[in-house]
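Chemist: Just dropping this structure here.
The values are calculated or read from the model by the stated rules, or taken from the named source; none is laboratory data. Note that the structure is predicted; figures quoted are calculated from it, not measured. Positions of Cβ are backbone-derived with ideal geometry, glycine not excepted, and every protein chain shown enters the neighbour counts.
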Amino acid sequence: TFEPLASDFYSYESLLTEREKQAIAELRAWLEADVKPIVGDYWERAEFPMQVVKPLAEHGVLSYGWDETKPFENSAVFRGFVAMELARVDASVATFVGVQNGLATGSISVCGSKEQREEWIPKLASGEVLGAFGLTEPLSGSDSAQGLRTTAKRDGDSWTLNGAKRWIGNATFSDITIIWAKDVDDNQVKGFIVPTSTPGYTATKIQGKISLRAVQNADITLEDVVVSESLRLQNANSFRDTASVLRLTRAEVAWAAVGTAIGAYEAAVKYAGERVQFGKTIGSHQLVQDLLVKSLGNITASLGMVVRVSEMLDRGEQRDEHSALAKAYTTARMRETVAWAREACGGNGITLEYDVARFFADAEALYSYEGTREMNTLIVGRKITGSAAFV
Ligand code: FAD
């Protein structure tokens, strides 16, 4: 049965349908029982818990949103709550899903032909095929709209890809990676579904991360990688199409930021109720209450924002600047909140045993990926002033 979250202070979950609440309750129970107990260990070993993939697919998490596989009628608000729920337990698992279901499946759903959607989306939804999304490069991060160096050259019915990608999530184990490359003939960005077994494709795990350690990120090299025209995303004709995928996923990252903040806050509330100093629980001290109340304020404001952004998506009203503002704002509030939660846990706040340290560290990656705070700010700034400051 569905139990409302105490940290959803203004009861936004009441906007969900009964069917959606049931799906959240089932997902929450599985995350608490099977995922929460193992994530700290995987984080420390910098390994991804592959055993979560099948249950994620069975819970429908890898299907939500896409017409080819959607298990039941659901709203963008519901899908946001799913992202929040995952991140509330572990931001690495939420990121795995964001890459698989948002970036990889999303690229095929938004930019693929009907045949491509029918061929790939069911396999991605079942977890039979794992996907990654390769946009960022060693020399091009924030400026990837203009600065991509990976090239695509058409020759008859095939394309040859050359270049390098960096930071690509899930790419150490993905079966396909969506590669974004510049067509040397028309200079436009195009997308390709690249099977990772293709000769010339190599992915190497990035070592030594201090954030989202359980997520696998890779450096990819592409040396004369040949793919057929049937693997080119048929409706990706310029970076504008890539951006339409990112608009959707940025809003989901904003939800995951709220989930990460809630995870840290709930760990701090629990700790504040147990830890005794000066003869009473630390939660009875005024300054600790202040940390908790400021955190709840951040969470509640952020939740209101992401709910609204998803309602706008459901109504077909969401624009790039709407999801950019949500991503910039909620990740900034998350960063404050995880720091306050860590502070409330004192020294134990820097150990994995009390969970809050993992949320604290993971927040840094959410803050920077899918557009840094600065880049998302500039997207909104362009809307306000009519002047694009990043060009
Ligand atoms: P840079 O672009 O070099 O920026 C460095 C700093 O300069 C930032 O603070 C930035 O805001 C600032 N800056 C740059 N230009 C401006 C400007 N004009 N005005 C003001 N400030 C500016 N990419 C993928 O394609 N696929 C993935 O799956 C993926 N997963 C990721 C997972 C993780 C854990 C991380 C850390 C990154 C991932 N990325 C992925 C890449 C991510 O999207 C980039 O890191 C991000 O876009 C920023 O690019 P950059 O790191 O090259 O930073």
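Listed here are the residues, each with its yes/no results for (1) under 30 Å from R373 (Cβ atoms); (2) assigned to a strand (DSSP E or B).
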position: V82; (1), (2): yes, no
position: F96; (1), (2): yes, no
position: K123; (1), (2): no, no
position: G127; (1), (2): no, no
position: I178; (1), (2): yes, yes
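Chemist: Within 16 Å of the ligand (Cβ to nearest atom) and not aliphatic (A, V, I, L, M): which single residue out of T202, T150, T198, T160 fits that description?
Modeler: One residue alone meets the criteria, T150.
Chemist: For the structure I just gave you, tell me whether N170 is more than 26 Å from the chain's Cα centre (by Cα) and at pLDDT 95 or above.
Modeler: Criteria not met by N170.
Chemist: If you check L56 against the conditions, is it touching a residue at least 24 places away in the same chain (Cβ under 8 Å) and assigned to a loop (DSSP other than H, G, I, E, B)?
Modeler: In short, no.
Chemist: Right, next: Output the number of residues of segment 92-101 satisfying the condition of being near the ligand (Cβ under 10 Å from one of its atoms) and among the small types (G, A, S).
Modeler: 2
Chemist: Could you count how many residues in segment 193-240 are under 21 Å from the mean Cα position of the chain (by Cα) and of a type outside the set (V, I, T)?
Modeler: Qualifying residue count, segment 193-240: 15.
Chemist: Let me ask something else about it. Scan segment 239-284 residue by residue and report those that are in a loop (DSSP other than H, G, I, E, B) and of a type outside the set (K, R).
Modeler: F278, G279
Chemist: Just checking, which of V380, V338 is part of a helix (DSSP H, G or I) and within 15 Å of the ligand (Cβ to nearest atom)?
Modeler: V380
Results for (1) hydrophobic (A, V, I, L, M, F, W, C); (2) within 16 Å of the chain's Cα centre (by Cα); (3) modelled with pLDDT under 95; (4) surrounded by 19 or more Cβ atoms within 10 Å (Cβ to Cβ), shown as yes or no for each residue.
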| site | (1), (2), (3), (4) |
| --- | --- |
| A251 | yes, yes, no, yes |
| A256 | yes, yes, no, yes |
| H285 | no, no, no, no |
| S295 | no, no, no, yes |
| M312 | yes, no, no, no |
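Chemist: What single numbered condition from (1) more than 15 Å from the ligand (Cβ to nearest atom); (2) at pLDDT below 95 fails to hold for V391?
Modeler: The number of the failed condition is (1).
Chemist: Assess whether V225 counts as being closer than 30 Å to V307 by Cβ, of a type outside the set (F, W, Y) and touching a residue at least 60 places away in the same chain (Cβ under 8 Å).
Modeler: Judged against the criteria, V225 is not a match.
Chemist: Another question, then. Give the number of residues within segment 72-122 that are charged (D, E, K, R), crowded, with 22+ Cβ neighbours inside 10 Å and farther than 22 Å from T172 by Cα.
Modeler: The qualifying residues number 3.
Chemist: If you go through segment 341-377, how many residues are free of Cβ contacts under 8 Å to residues at least 12 places away in the same chain and either within 12 Å of the ligand (Cβ to nearest atom) or among the polar types (S, T, N, Q) (or both)?
Modeler: 2
Chemist: Please work out which residue is farthest from A361 (Cα to Cα), limiting yourself to segment 203-215 and to residues that are touching an Asp or Glu at 6+ places or on another chain (Cβ under 8 Å) and not charged (D, E, K, R).
Modeler: Within segment 203-215, the match that is farthest from A361 (Cα to Cα) is A203.
Chemist: Based on this model, can you work out whether V276 counts as over 21 Å from L135 (Cβ atoms) and out of contact with any helix residue (DSSP H, G or I) (no Cβ under 7 Å at 6 or more places or on another chain)?
Modeler: Here the answer is yes, as V276 does meet what is asked.
Chemist: Out of A132, A171, report the one residue that is within 10 Å of the ligand (Cβ to nearest atom) and assigned to a loop (DSSP other than H, G, I, E, B).
Modeler: Within the list A132, A171, the selection yields A171.
Chemist: Additional query: State the number of residues belonging to segment 183-216 that are more than 20 Å from T242 (Cα to Cα) and outside any loop (DSSP other than H, G, I, E, B).
Modeler: Residues meeting the conditions: 5.
Chemist: Take the residues of segment 217-238 that are near the ligand (Cβ under 10 Å from one of its atoms) and either assigned to a loop (DSSP other than H, G, I, E, B) or not β-branched (V, I, T) (or both): which is nearest to A164 (Cα to Cα)?
Modeler: The residue in question is A218.
Chemist: Looking at G112, G127 in this structure, which one is more than 12 Å from the ligand (Cβ to nearest atom), out of contact with any Pro (no Cβ under 8 Å at 6 or more places or on another chain) and at positive phi?
Modeler: Every option except G127 fails the conditions.
Chemist: Going by what's in this entry, would Y369 be described as within 30 Å of S284 (Cα to Cα) and of a type outside the set (S, T, N, Q)?
Modeler: no
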